[in-house]
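Derivation of every value follows stated rules applied to the coordinates shown; laboratory data play no part. Just so we're clear, the structure is a prediction, and the values are computed from it rather than from any experiment. Positions of Cβ are generated from backbone atoms using ideal geometry, with glycine treated the same way; all protein chains shown enter the neighbour counts.
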């Protein structure tokens, strides 16, 4: 987990992935089932600790930010609710 944010709709655990052009695959494709399991496990540990006090009763979201660098520019694509832990 790279970023944890509190928003009006709940707590967001954000995984950031980046690639340089030319890329083989999109950055967000790196958040596969195995990576999702690791993210969910880390979020559970966070929530069992101080997150439980701060975020009690809030919705939990898992987002992905995909960053592509190259040719003097940067492209950012954000995927809110990128995956649901029940499927992990």
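Restricting to bridges with both residues inside segment 3-68, how much of the DSSP beta-bridge set is antiparallel, in percent to the nearest 5?
Numbers: 5 of 14 bridges.
DSSP beta bridges in segment 3-68 are roughly 35 percent antiparallel.
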Original post:
Which value at 222 nm does the chain reach when only helices count, each DSSP H run of 4 or more adding -39,500 (n - 2.57), with the total divided by all residues and rounded to the nearest 500 deg cm²/dmol?
Top reply: -5000 deg cm²/dmol
**OP:** Any chance you could get the radius of gyration and Dmax over the Cα atoms of the chain, in Å?
**Re:** 14.2, 45
**OP:** Tell me the label-point distance for the pair residue 38, residue 16, using the 7 Å Cα-to-Cβ offset, in nm and rounded to one decimal.
**Re:** 1.7 nm
Subject >> Rounded tilt (10° steps) of 33-46 against the dominant C-alpha axis of the chain >> reply: 40 degrees
Original post:
When only C-alpha pairs under 8 Å and at least 6 residues apart count, what is the relative contact order of the chain, in percent?
Top reply: 35 percent
Subject >> Stretch gain in nm, segment residue 73-residue 3, where the contour uses 0.36 nm per residue and the Cα spacing is subtracted >> reply: 22.9 nm
